[in-house]
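Let me begin by presenting the structure, written as structure tokens, before commenting on it.
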Amino acid sequence: MNIENPKKLKPGEARSEAISVQELLDREKLAVPPVLRKNFNVHMGSDRLPTSRWTDPAFARLEMDKMWTKVWQFACREEHIPEVGDFTTYEIGEWSFLVIRIEAETIKAYWNACLHRGNQLKPEGTHGNATELRCTFHGFTWTLDGTLSDFPCRWDFPHIVDAEYHLPEVKVGTWGGFVFINMDENADSLESFLGDLVPEFERWDFKNKYVMNHIAKRVDMNWKVGIEAFAESFHVVATHPQIMPSTADANTQYDVDPKLNYNRMITAMGVQSPHIPPMEEQAIVDSMTPRAYRMGMAMDEFKVPEGMTARQYMAEMRRKQVGDAKNRDYSDATDSEMLDAIQYWVFPNFFPWGGMGTNITYRFRPDGLNPDSALMEVFILSDYDLNGPRPDPAPMRLLGEDEEWIVAEDEIGGLAAVFQQDMLNMPKVQKGMKSLKRGVTLANYQESRLRHLHWKIDEYINAE
């Protein structure tokens, strides 16, 4: 039986009747930046999606050949390679790349293979500093700019023309302190790919942040299952009930347009879920205390002054505490920018959160060509005192197969418990899809970002 539709809404027009993000912004006491006033959602249909998109090795191969080879991918942060000669590797599918700073303002990325017999110039997952790029197998050597400089027994290689043995490069772009690569030599610039996202983030100064924490884990799921688990707040009511007292989940705003290479959701914090009975403002604040660490706040007992909402109070506390700790002035930052999950997604696998202070960034990558395995990474980016040096980025902590996210609580606070709850779903989704014979059904609005992901994938795999 179909649900009644007394308002005669078209598909995709239905919204929660609880207070909207835009109505909350109307209550701000500070000027709301235009970026937060954007509010759009283009309906892309309600058709079910075949589960082969997540489970079929042939589809994974198609994605790798026609999509991953054409898109801009977040490879590292600039602070990972701050000095000339600093390098790191980046892996996607069956390929490895060597990302290296060759001059103070120049970063290059090479296919990570010696042109002699293919030995990797640097082992996967490594980083360090090099004055030259020398193959450990036979000693073929290149300068940092990719020029062949030396190799043993030149007399036995009269067929090698040095100019033809420059290390093959892939395109590199930088934005907001992030370093991206693209295998397609004909790809549009990174700035063109990101479009309006670039000016939207200017206010949040991602260039002047650093990687405070970096936690990763291999998960028995398709990489898209991971993205989809974090691209909607619809699952909060069943998966994360402990955050409902301070998370406006069902009234999240989803900004989606298939013409763009990114989308966004804004989930208001300091506001209770419409799924639960009304609460006192102090009770809302009390529920937020376990998550205060993620927001850079002391784990103190907070008391809401009379006449203030929980949202206003927690935003003001964060302005003071985080601002003092980082020697930053957040006096013009809205409550939304201080508290809310302003979560962007950039096709295909990059999730930078907007706002002030401490920001989460996710990255999900396929584990080789295995459609049933993916690498999930969580970066915590933080402001720092600009009067001092930028702190060194945290090394990646790769959780073991039997380690739960909760072991990272010392680094990411209450987020660890939230991620552990997500872990209870994602592998089961991957397994369950193999028994789902009628295809995947998506909500028109709350899961519109998921549909956008598949819409964009199809743009690439169906291209001539």
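Laid out as a table, the results:
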{"quantity": "All positions within the stretch 131-170 that are surrounded by 11 or more Cβ atoms within 10 Å (Cβ to Cβ) and of a type in the set (Phe, Trp, Tyr)", "calculated": "Phe137, Phe140, Trp142, Phe151, Phe157, Tyr165"}
{"quantity": "Enumeration of residues in the stretch 121-168 that are within 40 Å of the chain's Cα centre (by Cα) and of a type in the set (Val, Ile, Thr)", "calculated": "Thr126, Thr131, Thr136, Thr141, Thr143, Thr147"}
{"quantity": "Condition check for Ala75: of a type in the set (Gly, Ala, Ser), closer than 25 Å to Asp162 by Cα, crowded, with 17+ Cβ neighbours inside 10 Å and touching a residue at least 60 places away in the same chain (Cβ under 8 Å)", "calculated": "no"}
{"quantity": "Hits in the stretch 379-396 - residues which are under 15 Å from His80 (Cβ atoms), of a type outside the set (Asp, Glu) and either open to solvent by 30 Å² or more (accessible area, probe 1.4 Å) or in a loop (DSSP other than H, G, I, E, B) (or both)", "calculated": "Arg390, Pro391, Pro393, Ala394, Pro395, Met396"}
{"quantity": "Sole exception among (1) open to solvent by 40 Å² or more (accessible area, probe 1.4 Å); (2) under 15 Å from the mean Cα position of the chain (by Cα); (3) among the polar types (S, T, N, Q) for Asn359, by number", "calculated": "(1)"}
{"quantity": "Failed item in (1) of a type in the set (Lys, Arg); (2) in contact with a strand residue (DSSP E or B) (Cβ under 6 Å, 6 or more places away or on another chain); (3) within 19 Å of Gln343 (Cβ to Cβ), with Arg451 passing the rest", "calculated": "(2)"}
{"quantity": "Unmet criterion (only one of (1) in contact (Cβ under 8 Å) with a residue 24 or more places away in the chain; (2) over 25 Å from Pro427 (Cα atoms)) for Asn119", "calculated": "(1)"}
{"quantity": "Enumerated helices (runs of 4 or more DSSP H) restricted to the stretch 7-118, each holding at least 1 residues that are over 24 Å from Ile342 (Cβ atoms)", "calculated": "52-55, 57-63"}
{"quantity": "Unmet criterion (only one of (1) farther than 25 Å from Tyr262 by Cβ; (2) open to solvent by less than 10 Å² (accessible area, probe 1.4 Å); (3) in a loop (DSSP other than H, G, I, E, B)) for Ala333", "calculated": "(1)"}
{"quantity": "Test: Pro245 is within 23 Å of Gln321 (Cβ to Cβ) and not hydroxyl-bearing (Ser, Thr, Tyr)", "calculated": "yes"}
{"quantity": "Flag if Val429 is buried (at least 16 other Cβ atoms within 10 Å of the Cβ), out of contact with any Cys (no Cβ under 6 Å at 6 or more places or on another chain), part of a helix (DSSP H, G or I) and touching a residue at least 40 places away in the same chain (Cβ under 8 Å)", "calculated": "yes"}
{"quantity": "Complete set of residues in the stretch 58-72 that are out of contact with any strand residue (DSSP E or B) (no Cβ under 6 Å at 6 or more places or on another chain) and either open to solvent by 10 Å² or more (accessible area, probe 1.4 Å) or among the acidic types (Asp, Glu) (or both)", "calculated": "Ala58, Phe59, Arg61, Leu62, Glu63, Asp65, Lys66, Thr69, Lys70"}
{"quantity": "Options Pro11, Pro50, Pro34; residue that is open to solvent by 20 Å² or more (accessible area, probe 1.4 Å), under 25 Å from Glu447 (Cα atoms) and touching a His at 6+ places or on another chain (Cβ under 8 Å)", "calculated": "Pro11"}
{"quantity": "Total residues in the stretch 14-31, condition open to solvent by 70 Å² or more (accessible area, probe 1.4 Å) and farther than 20 Å from Ala333 by Cβ", "calculated": "2"}
{"quantity": "Residues of the stretch 192-220 that turn out to be within 18 Å of Gly354 (Cα to Cα) and open to solvent by 20 Å² or more (accessible area, probe 1.4 Å), as a count", "calculated": "11"}
{"quantity": "Hits in the stretch 432-450 - residues which are under 17 Å from Thr267 (Cα atoms) and either open to solvent by 40 Å² or more (accessible area, probe 1.4 Å) or at pLDDT below 95 (or both)", "calculated": "Gln446"}
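The values are calculated or read from the model by the stated rules, or taken from the named source; none is laboratory data. Since we're looking at a predicted model, the values are computed, not measured. In this analysis, Cβ positions are derived from the backbone assuming ideal geometry, glycine residues included, and neighbour counts consider all displayed protein chains. All accessible areas refer to the heavy atoms of the entire protein, side chains included, with ligands and DNA or RNA removed. Shrake-Rupley method; radii C 1.70, N 1.55, O 1.52, S 1.80 Å.
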